Amino acid sequence: MKILVVNGPNLNLLGIREPDIYGKSTYASLVQMIKDHCAKCNVSCECFQSNHEGDIVDKIQNAYSRFDGIVINPAAYTHTSVAILDALKAVNIPTVEVHISNVNSREEFRRISYVSLFAFKTIVGKGFEGYLEAIDLLVNLNKDK
Ligand code: DQA
């Protein structure tokens, strides 16, 4: 099984960026955590981060027939991007949406998520653990196939 993990804008600055909200751990440590977890689950994974909407769309398009699941934290694009939603719908790969913070208890605009219209599950407010939970959901879904 192959899982693509996509992180959107400013998540490369984890550790530096608003640590009260996103924690003190870095993006590199998130990637390491994901890789260790995937190795335990016997899953191969690729982690991708970009600050550019079009690059994220390209990456999702490219996943077609190459990946069995997608974990995505579209970051700020969550709340604005019809293009990312449409790319996910186009490739139709089972997707779990993750947010490190609890987007529902922050500013009003963070409650809107376009990606939620496609993702079969949205995990919020669980920090980096949310990514591991998302991977487990995709692994279980794949077992049922
Ligand atoms: C985020 C929440 C978004 O509202 C914000 O723009 C982000 C990160 C999160 O992981 O909590 O960049 O997706």
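The values are calculated or read from the model by the stated rules, or taken from the named source; none is laboratory data. Only a predicted model underlies this, so the values are computations on that prediction, with no experimental measurement involved. Every residue, glycine among them, receives a Cβ derived from its backbone with ideal geometry; neighbour counts consider all protein chains shown.
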Item checked: Any pair with Cβ under 8 angstrom, 6 or more apart, that starts in the range 38-53 at a residue that is under 14 Å from Ala75 (Cβ atoms) and ends at one that is surrounded by fewer than 16 Cβ atoms within 10 Å (Cβ to Cβ) and among the aliphatic types (A, V, I, L, M) -> Glu53/Ala83
Check: Can you pull out the residues in the range 63-83 that are in contact with a helix residue (DSSP H, G or I) (Cβ under 9 Å, 6 or more places away or on another chain) and free of Cβ contacts under 8 Å to residues at least 60 places away in the same chain?
Finding: Ala63, Tyr64, Ser65, His79, Thr80, Ser81, Ala83
Next item on the list: Would you be able to tell me the number of residues in the range 8-23 that are over 19 Å from Ser81 (Cβ atoms) and part of a loop (DSSP other than H, G, I, E, B)?
Entry: 6
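Does the range 30-51 include one or more residues that are over 18 Å from Ile135 (Cα atoms) and part of a loop (DSSP other than H, G, I, E, B)? Spell out the reasoning first.
Filtering the range 30-51 for residues over 18 Å from Ile135 (Cα atoms) gives 50-51.
Cutting the leftovers down to part of a loop (DSSP other than H, G, I, E, B) gives us 50-51.
Within the range 30-51, one or more residues are over 18 Å from Ile135 (Cα atoms) and part of a loop (DSSP other than H, G, I, E, B).
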Checklist line | Unmet criterion (only one of (1) of a type in the set (A, V, I, L, M); (2) within 13 Å of the ligand (Cβ to nearest atom); (3) farther than 15 Å from Pro9 by Cα; (4) part of a strand (DSSP E or B)) for Ile72 | finding: (3)
Checklist line | Top-ranked residue in the range 8-37 [being touching a helix residue (DSSP H, G or I) at 6+ places or on another chain (Cβ under 7 Å) and polar (S, T, N, Q); ranked as farthest from the ligand (Cβ to nearest atom)] | finding: Asn12
Item checked: Given (1) surrounded by 20 or more Cβ atoms within 10 Å (Cβ to Cβ); (2) within 20 Å of Ile135 (Cα to Cα); (3) of a type outside the set (A, V, I, L, M, F, W, C), index of the condition Thr26 fails -> (1)
Note to self: Every residue in the range 75-100 that is within 13 Å of the ligand (Cβ to nearest atom), outside any helix (DSSP H, G or I) and not aliphatic (A, V, I, L, M), please.
What the structure shows: Thr80, Ser81, Glu97, His99
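When the range 115-135 is examined, which residues are found to be at negative phi, touching a Ser or Thr at 6+ places or on another chain (Cβ under 8 Å) and either part of a helix (DSSP H, G or I) or within 12 Å of the ligand (Cβ to nearest atom) (or both)? So that I can check it myself, show each step before the final result.
Restricting attention to the range 115-135, the residues satisfying the condition of being at negative phi are 115-124, 126, 128-135.
If we keep only those that are touching a Ser or Thr at 6+ places or on another chain (Cβ under 8 Å) as well, we get 115-116, 118-120, 122, 124, 128.
Listed by number, the residues that qualify are Val115, Ser116, Thr122, Val124, Phe128.
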Notebook entry, point to check: Within the set of pairs 6 or more residues apart or between chains, which connect a residue that is within 14 Å of Tyr77 (Cβ to Cβ) and at pLDDT 95 or above inside the range 104-121 to a residue that is assigned to a loop (DSSP other than H, G, I, E, B) and among the hydroxyl-bearing types (Ser, Thr, Tyr) with Cβ atoms less than 7 Å apart?
Noted result: Tyr114/Ser81
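Residue-by-condition table, conditions (1) touching a Gly at 6+ places or on another chain (Cβ under 7 Å); (2) more than 23 Å from Val139 (Cα to Cα); (3) at pLDDT below 95:
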position	(1), (2), (3)
Pro19	no, yes, no
Gly54	no, yes, no
Ala63	no, no, no
Asn92	no, no, no
Ser101	yes, yes, no
